[in-house]
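All remarks here apply to the structure that follows.
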Amino acid sequence: MEDLGWWGVALAVLAGAIRVSTPFLFVSLGELLTEKSGRINLGLEGTLVMGAMSAYAISYMTGSPWLGVLVAGLAGALFGVLHALICGLPRVNDIAVGIALMLLGTGLAFFLGKAFIQPQAPILPAIEFGWWSDLPQVRSALQINVLFILGVLLAPFLLWVLTNTKWGLIVRTVGDSADAARAMGYSVNLVRLAATASGGFLAGIGGSFLSLYYPGSWNEGLSSGQGLMAVALVIFARWQPIRCLGAALLFGGAGALGPALQSVGVTQGYYLFNAAPYLLTLVIMIATCSPTRTLTGAPGELSITK
Amino acid sequence: MTVDQGMSRRMVLGALGGAAAGTALSGFLPLSRALAAKKLVVGFIYVGPRDDFGYNQAHAEAAAMLRSMSGVKVVEEEKVPETLDVQKTMESMINLDGAELVFPTSFGYFDPHMLKVAAKYPDVEFRHCGGMFKAGTHPANTGSYFGYIDEGQYLNGIAAGHATKSKKLGFVAAKPIPQVLRNINAFTLGARSVDPSITTQVIFTGDWSMPIKEAEATNGLVNAGVDVVTCHVDSPKVVVETAERRGAFTCGYHANQAPLAPKGYLTGAEWNWITVYKDFVTKAQAGEKPGQFVRGGLKEGFIKTSAYGPAVSPESKAAGEAVKAKMMAGDFSIFSGPISTNTGKEIVAAGKTYGQTDLWLEGMDWLVEGVVGSTS
Amino acid sequence: MVDETAPLPTRPLAPAGSPLAGLSLDALRGTAEAVLIPVGALVATAVVFGIFVALAGADPLETYELMYRGAFGTWFSWQNTLQRTAPLLLTALCVALPAQLGLVIIGGEGALVIGGMCSAAAGMAMMGAPPWLLLGVMALAGMAAGGAWIALAGALRQFRGVNETISSLLLAYIAIALMNHMVEGPLRDPASLNKPSTPPLGEANMIGSIPGLDVHWGLVFGLVACVASYVLMRRTTFGFGARMVGGNVRAARMAGLSVAKLGMITCFLAGAAAGLAGMVEVAAVHGSANGSLVAGYGYTGILIAFIARQNPLAVIPVALMFGGIAASGGLLQRRLDLPDATILVLQGIAFVMILASDTLYGRFRVFQPRG
C-alpha cells in the first residue's frame, strides 16, 4: 500500500469525520428536537448506550442488523417517553431526570448486555463511494454507511420541518412560551412527549451505529461520553440543525487526529491530541459567544439557558 | 445463582452426612473429616468485565475451572476500580465471605491497595498478578505471579514476519509501560528474525479499553500500509475485527480470537492462568505457603499459543515451531545481544543475554530498533 | 435496602428567619412531608427493583438482606460505607454551590483530577518539609487548582457568555487528558513501572485515619465543607446575594449585586471542594497522582446534588445512601451472581422515583399548614 505521509493525516481526519461523527449527529439532532420543545434531556448518553446494546442483541438474535437499528430506535423512544412523562409532572426538574435516566439506561444496557459482549452479530453494510480511486486508503475512507447519509439528510430535513411546517411551528411555540402554546390550545405536555420520544428514537439509532457499524461491536466501554457530548454540541450549534451537522463532523474529525498523527510518527503528547476535540469546541465557543446578547436560537422555555 | 448456592449447600450437607456415616464406620474417620472440612474461599478481583475476550476473561476462565476443584469456593467481583474500592472489596471478601486467598488481578491493585490491606490481614494470603514482589520490603503474606507472554508475542512476530508483504507491522497498545513495551519488542524481534527490514508501527490509545480509538488506530495503521496488526489492550476484539474487515492479518493476544477473524488470524499469545492458580490453591489446601515470586512462560505452561490460522504458510509454521520447541526446552532467549533501541543506543551488547527471569526486563523502558514510536 | 437511611431534609421547614422555626404543629407537618415523601419514593423503588432482581432470577428479600449487610449490617460495612461517602460529599458540593446561583456545573470530575494532580506536584516540590506543612500546601494547591478550573467555567459564562454546563464538561475532558499527560510525562516517577504515577509521598506524609475508625479524614473534611456551605448560603449576606442571583438575575443586578463576582467566587469555592477531594485521594488513598484519580466521583456528585435539591446539608444523607449502595454492590456480585451493573440499575430507579416524587409536595392536605 502506498504511503501517503501527511496527506494520510488529512485523509484520516476526513475519514474519521465520516466514521466517528454519526452517533454525535443523531444524538445531537434528537436532542435539538427535544430542546426546541422547551425541555432538555441530559439522559441521551444512557439512551445511546441502550440503543447500542439492544441493536447488537437484536441483530445477533435475528440475524438482521436493520431490525436491530429499528429496535434501538424504539428503545430510545421508550426512554424518551419515560423522560417526558416524569418531566410532565409539575415541579420535576428535567435536567435531574435526564441524569437519572442516563444512569438507568447505562445500567440496564450493561446488565442486559452481558450475554452479548462475546458473540459476533451481523453488522450494517457500507456503500463503496471510493470506486473511482486506486488508493485503498481513499476507498476505505469513502466506505460510507447508510446511517451517515440518512443523518446528513436529516439535518436539512429537520431544519425544514422546524421552520416551514405547522408541526415545526407548534414545537417551537411550545419551546418558546408554554403559556402562548396553551393559549393557542396546544397540549404542552403532549407536544413535548412527542418531541422527546422522537429525540430518543434518533439517539437510539445513533447508538446502533456504534455497535453495528463503527467500531461494530458491543462492549461496556463503547461510549466514552458521546451521548453527553452530543447534548453539549446542540448548545454549541445554537439549536440549528445544519450547524449540528458541522459540529458533529468537526468533532469526529478532531477525534481521529490523535491516532492519525501517531501513524505518521508524531508520537509525543497523544493524550493532548486526544483531547483536541474538546479543546477545539471550547475555543470555538469562546471565540463565538458574546456576553452581551443571549444565545440566539435558544428556546425560551429551556431551563439550562433561562 | 440461588441454584448454585443450593447446590453448594447440598454438597456441604452431603459431606456432613458422609462424616456422620464415617463416624459410624470409624475406620474412615480421617477421610470424612477432610471432606467435612471447611472450604478454602478464594477471591478473584477483576478490573474490567469478566467476558471481555481479553485480559479479564483469561483470569475468569481459570477461576471457573477452580470452581470444579473439591474444597474450593470461588468468589468473584468484576469492574472494581483501582481506588479505595479495591481495598474495600478485598476486605469485604475477607470479612464477609471468609476469603483466605485473594487474587487481585490488575496491575494497579498492587501498590498501595493490596499492600495496605495485606498488612492489615496477616492471616490471609494475597497473590498479585504482575506486581514486583520483593521479599522483606513487602508484607510476608503477599506475592506476585506473571507469565512471560512475550514468548508468545515473539512467535506472533515470526508468523507476522512471514505473512507481511509490505514489511510494515502494526501494534495497537494502551500505554507505554514495561509489560507493553516488552511485548512490542518481542513481537518486533520475532518479525525481524525473519526479515531485518521489517518495521513495527506503534499507536498508543492512552487507556486499556477505548473501542473507538482502537478502531481508529487499526484503520490508521492499515492506511499507513501495515498488513499485520496485533495489540496489547484489555479486549482485542475491536482491533481484530477491524483488521479483518480491512483485509489485514492479525495476531491475537490474551485469549483466542480466531473465531473473530477466520481469514486473517495467524496465531496468538494466550494466557493459561489455570496452571498458576491450581498450584496456589493446591499449596494452600495442603497448608503450605503458595509461591511468592512466581513466573513462567511456555515451558511452565503459564502461556500458550493459538492454533495457526489458514493464512500461515508451511515455512512460517516450521520456523515458529522450531523456536517454540527451543522455548519449551528452555534454551531460547528473546533478548540476547546485540540489540539496539530505536533511538540508536546499544542496549544489549553483543554476547550478552538476558534470560526471561531477569528482573531487568520487567523494568523495560525502551523500544528496539525497527519500532516506529516512542516510549513517552 | 436503604429504606432505613435518614430522611432527606429536602426543603426549608419554614421560611428563613420565620418565627415558626420552633415546635409548631405546622412545622411538624412540613417535616413529616419532607420525610415521608422521599421514604415513600424509596419504598416504591424497593418494589420496582425487587421485581427487577426477581426477573433476573435472584430472591428480592435475600438481595435486600445482603445489601443491608453490605452497607450497614456490620461495623466493617458501616466503615466501608462512610469511606465511600467521603469524596462524594465534596464533589456534590461542586454542583450544589453554583446551583444556588442557577449555574449548572457538571465538570466536577475535572476539578477533582486537576486538584489531585496539582496537589501531588506541590507535594513533590515540598518533599522534605514537615508533614503538616507539606499536607497543608498540598491541600491549598489542590483547592486552588480545582477552584481555578471551575472558576474558569464561571468566568467564561460571566465574561464571554459561554454556557457553563458545556464548558465545564469540556474542561473535565481536558483536565483528564492533561493529568494523564503530566503523570505519564513530566511528573512521572521513573520507578513507577507499570502504573505511571507521580513519586510516592511516603507513609509519613499521608493523611491517616480518624482515630478509632478505619475511615480517612476526608470524611471530616467533607462534613465540615457541607455544613460550612450551608451556613454560607443560608446565613450570610454573601449567600443571600448568591441565592438572589439564582432567583432572578435582573432583580439582583438592580439591587446592586455584582453578579460576576458572586458567580466567580461561588464557582471557585465549588471547584475548591472538588479539588480538595482530589487532594484527599492523593494524600489519603493513592499516595501519588495517577490515572486512578478518574474514578467517576465527580459524576456521582452531580446525581447527589440534584437529589439533595442542591441543599448542602441534604447532600450528607444522600451521599451516605450512595456510599451504602456502592459498598453493598460487591456482595451482590459475589453472593447472588448479579452483574456489577445491578447497582447502576438500582441507583437509576431510586433517582427516577425520588425525582418524580417531587411532584407530590403540597398535594396531601394532611401535610399543609392549617389556618
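The values are calculated or read from the model by the stated rules, or taken from the named source; none is laboratory data. The structure presented is a predicted model; accordingly, all values stated were derived computationally and were not measured. Every residue, glycine among them, receives a Cβ derived from its backbone with ideal geometry; neighbour counts consider all protein chains shown. Surface accessibility is based on the protein's heavy atoms, side chains included, excluding ligands, DNA and RNA. Shrake-Rupley method; radii C 1.70, N 1.55, O 1.52, S 1.80 Å.
Give the residues of segment B:182-217 that are under 15 Å from B:GLY373 (Cβ atoms) and either among the β-branched types (Val, Ile, Thr) or not assigned by TED's automatic domain parsing to the domain that holds B:LEU367 (or both), sorted by residue number.
Passing the criteria: B:ILE184, B:THR188, B:ILE198, B:THR199, B:THR200, B:VAL202, B:ILE203, B:THR205.
Test C:VAL259 against the criterion of being touching a residue at least 12 places away in the same chain (Cβ under 8 Å), surrounded by fewer than 24 Cβ atoms within 10 Å (Cβ to Cβ), more than 11 Å from the chain's Cα centre (by Cα) and more than 24 Å from B:HIS113 (Cα to Cα), and give yes or no.
Criteria met by C:VAL259.
Those residues that are more than 29 Å from B:VAL240 (Cβ to Cβ) and touching a helix residue (DSSP H, G or I) at 6+ places or on another chain (Cβ under 7 Å), I need them from segment B:292-304; list them, please. Explain how you work it out, then say what you get.
From segment B:292-304, those more than 29 Å from B:VAL240 (Cβ to Cβ) are B:292-294; that's our starting set.
Listed by number, the list holds a single entry, B:VAL294.
I need the full set of residues from segment A:271-292 which are at pLDDT below 85 and within 25 Å of the chain's Cα centre (by Cα), in order please. Before the answer, list the steps.
Let us first name the residues in segment A:271-292 that are at pLDDT below 85, namely A:288-292.
Answer for segment A:271-292, where residues must be at pLDDT below 85 and within 25 Å of the chain's Cα centre (by Cα): A:THR288, A:CYS289.
Answer yes or no as to whether B:ASP227 is open to solvent by 10 Å² or more (accessible area, probe 1.4 Å), within 9 Å of chain A (Cβ to nearest Cβ), more than 30 Å from B:PRO338 (Cβ to Cβ) and touching a Phe, Trp or Tyr at 6+ places or on another chain (Cβ under 9 Å). Step through it out loud before you land on a result.
Details: open to solvent by 10 Å² or more (accessible area, probe 1.4 Å): yes; within 9 Å of chain A (Cβ to nearest Cβ): yes; more than 30 Å from B:PRO338 (Cβ to Cβ): no; touching a Phe, Trp or Tyr at 6+ places or on another chain (Cβ under 9 Å): yes.
So B:ASP227 does not fit the description; no.
Could you please give the count of residues in segment C:285-310 that are assigned to a loop (DSSP other than H, G, I, E, B), among the aliphatic types (A, V, I, L, M) and more than 8 Å from every other protein chain (Cβ to nearest Cβ)?
Number satisfying all stated conditions: 3.
Pairs please, first residue from segment C:221-240 and surrounded by fewer than 17 Cβ atoms within 10 Å (Cβ to Cβ), second anywhere and assigned to a helix (DSSP H, G or I), Cβ atoms under 6 Å, 6+ apart in sequence or on different chains.
Sorted first by the residue in segment C:221-240, then by its partner, the list stays empty.
So, of the residues in segment C:67-81 that are crowded, with 22+ Cβ neighbours inside 10 Å and more than 9 Å from every other protein chain (Cβ to nearest Cβ), which turns out to be farthest from B:THR83 (Cα to Cα)?
C:MET67
Pairs needed: first member in segment B:274-298, assigned to a loop (DSSP other than H, G, I, E, B); second member anywhere, surrounded by fewer than 15 Cβ atoms within 10 Å (Cβ to Cβ); C-beta distance under 7 Å; at least 6 residues apart or different chains.
Listed pairs, sorted by first residue: B:GLN292/B:ALA135.
Out of C:THR91, C:THR63, report the one residue that is among the β-branched types (Val, Ile, Thr) and under 30 Å from C:LEU262 (Cα atoms).
On the way: C:THR63 fails: under 30 Å from C:LEU262 (Cα atoms).
Answer to the check: C:THR91.
Taking segment A:144-189 on its own, how many of its residues are under 30 Å from A:GLY68 (Cβ atoms) and hydrophobic (A, V, I, L, M, F, W, C)?
Residues flagged as under 30 Å from A:GLY68 (Cβ atoms) and hydrophobic (A, V, I, L, M, F, W, C) within segment A:144-189 amount to 18.
Condition first: in a helix (DSSP H, G or I), open to solvent by 10 Å² or more (accessible area, probe 1.4 Å) and within 7 Å of another protein chain (Cβ to nearest Cβ). Now tell me which residues in segment C:337-354 satisfy that.
Residues satisfying the conditions are C:LEU344, C:GLN347, C:ILE349, C:VAL352.
Out of curiosity, is C:ASN180 surrounded by 18 or more Cβ atoms within 10 Å (Cβ to Cβ), under 30 Å from B:GLN179 (Cα atoms) and within 14 Å of chain A (Cβ to nearest Cβ)?
Values: surrounded by 18 or more Cβ atoms within 10 Å (Cβ to Cβ): yes; under 30 Å from B:GLN179 (Cα atoms): yes; within 14 Å of chain A (Cβ to nearest Cβ): yes.
When the stated conditions are applied, C:ASN180 passes them.
Name the single residue, out of those in segment B:125-140 being open to solvent by 10 Å² or more (accessible area, probe 1.4 Å) and of a type outside the set (Gly, Ala, Ser), that is nearest to B:LYS324 (Cα to Cα).
Filtering first and then ranking leaves B:MET132.
Take residues that are touching a His at 6+ places or on another chain (Cβ under 9 Å) and farther than 29 Å from A:THR288 by Cα and tell me which of the helices (runs of 4 or more DSSP H) falling wholly in segment C:67-166 contain 1 or more.
Answer list for segment C:67-166: C:75-99, C:108-125.
Taking segment B:198-224 as the search range and keeping residues that are facing chain A (nearest Cβ under 9 Å) and part of a strand (DSSP E or B), which one is surrounded by the most Cβ atoms within 10 Å (Cβ to Cβ)?
In this case the residue turns out to be B:ILE203.
Quick one: would you say C:VAL95 is open to solvent by 10 Å² or more (accessible area, probe 1.4 Å) and at pLDDT 95 or above?
No: the conditions fail for C:VAL95.
Scan segment B:336-347 for residues that are surrounded by 15 or more Cβ atoms within 10 Å (Cβ to Cβ) and either touching a Ser or Thr at 6+ places or on another chain (Cβ under 7 Å) or part of a loop (DSSP other than H, G, I, E, B) (or both) and jot them down.
If the condition is that a residue be surrounded by 15 or more Cβ atoms within 10 Å (Cβ to Cβ) and either touching a Ser or Thr at 6+ places or on another chain (Cβ under 7 Å) or part of a loop (DSSP other than H, G, I, E, B) (or both), then B:SER336, B:GLY337, B:ASN342, B:ILE347 are the ones that fit.
Please give the helices (runs of 4 or more DSSP H) falling wholly within segment A:7-117 in which 2 or more residues are surrounded by fewer than 24 Cβ atoms within 10 Å (Cβ to Cβ) and more than 11 Å from chain C (Cβ to nearest Cβ).
Output list reads A:44-62, A:65-87.
Take the residues in segment A:223-280 that are among the aromatic types (Phe, Trp, Tyr) and within 23 Å of C:LEU178 (Cβ to Cβ), then tell me which one is farthest from the other protein chains (Cβ to nearest Cβ).
A:PHE251
Residue by residue, here is whether (1) in contact with a helix residue (DSSP H, G or I) (Cβ under 9 Å, 6 or more places away or on another chain); (2) modelled with pLDDT of 90 or more holds:
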{"position": "C:ALA295", "(1), (2)": "yes, yes"}
{"position": "C:ILE302", "(1), (2)": "yes, yes"}
{"position": "C:PHE306", "(1), (2)": "yes, no"}
{"position": "C:PRO317", "(1), (2)": "no, yes"}
{"position": "C:ARG334", "(1), (2)": "yes, yes"}
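Among (1) open to solvent by 20 Å² or more (accessible area, probe 1.4 Å); (2) at pLDDT below 90, where does C:ASN194 come up short?
Tallying (1) open to solvent by 20 Å² or more (accessible area, probe 1.4 Å); (2) at pLDDT below 90, C:ASN194 fails exactly one: (1).
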